[in-house]
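Structure first, then comments.
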Amino acid sequence: MSKVKNGSPMMTKVTGMGCTATAVVGACIAVEPDMHLAALAAMAIMGVCGDMTKRDDKGPGAFQADF
């Protein structure tokens, strides 16, 4: 089983992160025929972006825009 363990706890508190994740998964599926690998890559991308965004944490109001 593969797990992605990075990101920011703020990602669970910000409206629109699920929609963003869906869009990233769709983009990854468009270029990777293995659905599991595509979804894993998408969540890794989301996690890295969350890590980068939390460095300049200004609260939930700015998180989505900064993400």
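Please find, within region 7-62, the residue that is modelled with the highest pLDDT out of those that are charged (D, E, K, R) and touching a Gly at 6+ places or on another chain (Cβ under 9 Å). Going through the qualifying residues, I end up with 51.
Filter region 56-67 for residues that are part of a loop (DSSP other than H, G, I, E, B) and not aromatic (Phe, Trp, Tyr); which is nearest to residue 14 (Cα to Cα)? Across region 56-67, the extreme among qualifying residues is 59. When 22, 53, 15 are checked against the criterion of being part of a helix (DSSP H, G or I) and in contact with a helix residue (DSSP H, G or I) (Cβ under 8 Å, 6 or more places away or on another chain), 53 stands alone in meeting it. Sub-6 Å Cβ pairs linking a first residue in region 39-67 that is free of Cβ contacts under 8 Å to residues at least 24 places away in the same chain to a second residue that is buried (at least 16 other Cβ atoms within 10 Å of the Cβ) and part of a helix (DSSP H, G or I), at least 6 apart or interchain, are 39/25; 41/28; 42/24; 42/25; 42/28; 45/24; 66/53, ordered by first then second residue.
Checked against (1) touching a Ser or Thr at 6+ places or on another chain (Cβ under 9 Å); (2) exposed (fewer than 11 other Cβ atoms within 10 Å of the Cβ), residue 51 passes all but condition (2).
Annotation note: Cβ proximity below 6 Å between a residue of region 1-26 that is surrounded by fewer than 16 Cβ atoms within 10 Å (Cβ to Cβ) and a residue that is at pLDDT below 90 (sequence gap 6+ or interchain) occurs for 13/60; 16/64.
The values are calculated or read from the model by the stated rules, or taken from the named source; none is laboratory data. Source: prediction; values computed, not measured. Backbone-built Cβ (ideal geometry, glycine too); neighbour counts: all protein chains shown.
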